[in-house]
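> Quick one: the structure is below, questions incoming.
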Amino acid sequence: MPFLLLFLLRTRRPHTDKVRKGGTFTELFALSLSGRRAGIPVLLSKTETTIQTMQYLLLAIAAMSLIMLALKFFNVKKIYIPQAIMTNYAFALIIALFSGGRYLAAADAGGFGGNGWWYLALITGALYFGSMDLMAASTRRVGVSITTMASRTSVILPIVWAALFLGERITGWELLGTALVMLAFVFIIYRPHDKGTDTATGRNERLKTVLLPVGVFLSVGFIAVCMKTSQHLIKTEGCYETDYPVFEIMLFSAAFLGAVAYYAAKEGREAFRFRWKSIAGGLCLGTFNYFVTFGLMHGLKYFSSSTFYGIYNISVVLLTTLVGIAAFGEKLDGRKTVGMLFAVASIFVLGFLGGSL
């Protein structure tokens, strides 16, 4: 995977800046659904630009938090996960086709070979499906907190990748903010094991429970790396207005086809038996998935990877933790309180001080 990404970066075409001026976020949101993509205006004050671009970040945070909470809700309500995941990607693909299908129809199929991002769209789609399946299994096996930790600590992978291969400069404040993020994760998520399980059987069971979170960590991390690399290639090689809609259509197509093929082989006809709860859950999940992708790909145009992923990941953990306390009766002990304080500090450092040291 890393070698393929490096190859695509080294063979990219010269920079062409084709992103046109757009309007406010409300207008951009409406345009995304009508199939007309727009960029943030260039001639804006720093404050105006920050307010507009922050809303992509907030959109991604809200949608990803809803995905994690939806997976927990699915387990509580015994919703059939395979059908929900297939429906999820089918509906995300429908939204993508509705919002950008005309760009796919106008795309030059012969020119795809020269655009490195289309390979990544297919790879990211496959990883999307795989990570969703792993997150569902991990949530069921080890709980939403550990699964959230595993997926969000993968923040380190795109940050290191962008610094090493995409020419991003990490400032002192961003390093401090990233360190605070990791400390916050440790305090919020870490749970000491029960002393009664400190036996050979208990250790073996804990070792097994590590494998799913590790799989979540790697898959979500590689997704973030592919998303950042794709965004970089589209930004430097092509045009967001026309290329991004095609990218997301290809991504969700690959995810949907991969999910259908996998569950057809694994579950057989059972995967396609109609269950209205699974269909309804999948429609909600697909909506969240679409807007996570939309927020990530557009937000990364305006933030460094360390700032964007730092705020994005820790905010998701904060929100899911708070909702877990309010809605699912989870307890906020002293350790988690310290973690929350670290999280707030990291958001302040990355959001307001990052890039100034």
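Bear in mind these aren't lab numbers, they're just calculated from the coordinates by the rules spelled out. Model, not experiment: these values are computed from the prediction. Here the Cβ positions follow ideal geometry from the backbone for every residue, glycine too, while neighbour counts run over all protein chains shown.
> Considering the zone a paramagnetic label at Trp276 would reach in this model (a point 7 Å from Cα along the Cα-to-Cβ line), which residues of the stretch 60-96 have amide N under 13 Å from it?
none
> Set the bar at 21 Å for Cα to Cα. Now go through Lys78/Lys277; Lys72/Lys266; Lys301/Lys336; Lys77/Lys277 and name every pair that lies beyond it.
On the way: Lys78/Lys277 9 Å; Lys72/Lys266 23 Å; Lys301/Lys336 33 Å; Lys77/Lys277 9 Å.
Flagged as over cut-off: Lys72/Lys266; Lys301/Lys336.
> Can you tell me the order of 254-262, 337-345, 274-282 when each peptide is scored by its average per-residue count of other Cβ atoms within 10 angstrom, highest first? All intermediate terms of the calculation are to be shown ahead of the outcome.
On the way: 254-262: 20.2, 337-345: 17.9, 274-282: 16.3.
Highest mean packing first, the order is 254-262, 337-345, 274-282.
> Sorting check: for 304-316, 158-170, 61-73, 239-251, which peptide has the highest mean count of neighbouring beta carbons within 10 Å, and how do the rest follow? All intermediate terms of the calculation are to be shown ahead of the outcome.
On the way: 304-316: 26.2, 158-170: 18.0, 61-73: 20.8, 239-251: 23.2.
The densest-packed peptide leads the list: 304-316, 239-251, 61-73, 158-170.
> Sticking with this structure for a sec: Using a basic spin-label model with each label point 7 Å from the Cα along Cα→Cβ, how many nm lie between Leu353 and Val160?
Going by the 7 Å Cα→Cβ label model, 2.4 nm.
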